[in-house]
Amino acid sequence: AFGDFWRLLGRASRFGMAGEGVTAMIVAADAGDNPLADRREDRKAAAERERKAKVAKVASQATNAMAAVRAQLDLRKVAADKAANKANDDAGAPVRASSTMLERVFDARLDGPDKYVVARRKERKTAAGAGTAADLAAGLEKMTDSVVKMARRDGADGNTVTAEHKALLDDVAVEQGRKAIVARAASNYRQHTAWLATFATFVQCFYPCGWRHNPPLDGSEGAGTAIDPRLVALYLAMVANRLVPLGGFVCDHVDGTASFAAKGRKAKHTKGAEAGERYYGMAYVKTFLDGLSGYSRVWRVMAPQYDPDWYDTIWALRKVCSVRLDSNRPFKAAALCPVTVASLLATLSVTNAGDVNFAAVLSLGLAFWMRPNEWFFLDVECLAFVKMQGLELLHILFVISKGDDDSSGVVRRTAHRLGCGGTSLAPEIVLDGDGHFHGAFMCPVCYLAYHLRFNDITTGPAFRARCNPCAPMPMNEVTKELRAKLPA
């Protein structure tokens with residue numbers, strides 16, 4: 001009985017307390033002071049404050065990041081050159097190509113007869129066509145401004161990207177990608193379009209569709225368009241059967257320029273030979289197809305020879321050309337062996353500036369197996385005579401080389417010949433009975449040192465032209481001299 005009484009008393013007290021709470025809430029509501037409503041408003045205000053802080057942080061981060069990019073843009077060239085110079089000082093010889101060194105190498109040759117080759121090689125080496133740091137920074141500036149604008153718009157949460165910002169990202173990224181794709185092809189664009197000039201006369205005469213083989217790269221006269229694969233197949237069949245006159249057909253191109261044939265039926269690459277006396281060989285077919293590939297890469301269209309519907313046909317016609325046509329190669333290059341170099345040196349006088357220059361090129365070419373572009377782009381600043389373990393070595397940095405995979409240049413060294421008693425300061429030159437270089441005692445280190453001292457070359461290109469000692473040696477001059485001195 002007592003237990004039931006206490007349980008009933010407990011229930012009454014709980015109901016009484018609840019009733020008092022409800023009464024208090026009603027009174028508080030009438031007084032305009034609802035504690036639950038205030039709590040909800042506090043949460044909303046806190047969320048708004050958090051959102052604004054997050055958005056402000058995003059905008060601040062973007063602004064600070066862009067400031068860091070600008071600082072990197074200002075320091076990148078100086079820092080790279082400083083690192084290269086420090087490496088050079090530590091090693092006692094040039095071991096790394098700096099941006100100033102590259103600029104000097106290219107600038108010394110841009111006004112010569114090989115200016116187009118130099119310009120193309122400069123664009124490939126510096127990858128300027130793939131987009132410069134300044135171009136990329138300009139795109140990032142736009143993206144930074146867009147981030148700040150997004151932060152200022154109503155309802156920005158710092159996590160959601162607007163459609164306008166997505167479109168801007170597409171523009172910047174796609175543009176950089178496009179430049180990277182066409183960078184190498186664009187550097188050879190002039191050569192590729194030259195290989196398509198004769199084909200353009202065929203198109204103009206037999207299928208005048210308005211196709212142009214050499215529109216400007218800047219798009220000022222319209223973009224390049226794809227060529228019909230059927231025209232390529234028909235043209236290759238004509239070349240295989242020797243039905244295309246050398247220099248092309250007489251016509252005016254779409255841009256108004258006259259064809260080779262219209263200028264007198266002489267093609268520039270035949271060096272004045274009459275068109276009727278020669279015909280196109282397999283070498284032309286290869287360059288023609290390379291020209292189509294390069295043109296297509298630049299303008300981002302499908303190359304006709306890679307069209308799935310015409311791939312087999314075009315490559316079958318190429319095979320026919322290889323069977324029916326000659327290689328048409330006017331000069332077959334051969335490796336220079338020591339005996340051949342020795343016989344050539346015996347024709348060169350030690351008192352003739354041009355002969356001394358040529359002797360240095362021959363000896364270094366044999367010692368380093370140099371390619372033409374390696375000796376052509378070689379500057380005195382890239383040479384050093386260094387002593388290592390009591391031996392004097394010729395240290396060369398080839399800033400332009402086919403073997404340069406990481407754009408840091410290729411370093412090679414060579415020593416004096418066995419038994420040579422000369423040094424870079426006192427080179428030893430052995431003469432034959434006629435006062436010419438004795439090929440059996442050739443020393444590349446002494447020959448180069450003697451050439452630099454005899455011709456008073458202290459800076460700039462290491463090898464100079466015969467006709468103008470102040471100008472760099474033309475790229476084809478060695479080939480000309482070899483053809484003149486070597487038996488056919």
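Here the accessible area is traced with a 1.4 Å probe on the protein chains. For the stretch 191-265, carbon and sulfur cover 55 percent of it. Heavy-atom accessible surface of the stretch 369-488, averaged per residue, reaches 52 Å², computed with a 1.4 Å probe.
For the stretch 369-452, applying the loop criterion from DSSP together with a ceiling of 10 other beta carbons within 10 Å to the trypsin sites (Lys or Arg not before Pro) yields 402.
In loop segments of the stretch 418-474 as defined by DSSP, there are no chymotrypsin sites (Phe, Trp or Tyr not before Pro) with at most 16 further C-beta atoms inside 10 Å of their C-beta.
Taking 0.36 nm per residue of separation and subtracting the Cα-Cα distance, full extension of the segment from residue 349 to residue 206 would add 45.7 nm.
Summing Lys and Arg as +1 and Asp and Glu as -1 over all other residues whose Cβ lies under 15 Å from the Cβ of residue 207 gives a net charge of +1. When you filter the chymotrypsin sites (Phe, Trp or Tyr not before Pro) in the stretch 335-417 for DSSP loop state and at most 12 other Cβ atoms inside 10 Å of their Cβ, you are left with 369. Taking the accessible area of the stretch 284-376, probe 1.4 Å, and keeping the other protein chains in place, the carbon and sulfur fraction comes to 57%.
Potential lengthening of the chain between residue 116 and residue 190 amounts to 25.7 nm, from the contour at 0.36 nm per residue minus the alpha-carbon distance. Expressed as a whole percent, the accessible surface of the stretch 384-488 that belongs to carbon and sulfur atoms is 55, based on a 1.4 Å probe.
One decimal place: the segment residue 225-residue 159 gains 19.6 nm when fully extended, by the rule 0.36 nm per residue minus the C-alpha distance.
The values are calculated or read from the model by the stated rules, or taken from the named source; none is laboratory data. Not measured: the values here are computed from a predicted model. Positions of Cβ are backbone-derived with ideal geometry, glycine not excepted, and every protein chain shown enters the neighbour counts. Remember, those area values only see protein heavy atoms, side chains included, never the ligands or the DNA or RNA. Shrake-Rupley method; radii C 1.70, N 1.55, O 1.52, S 1.80 Å.
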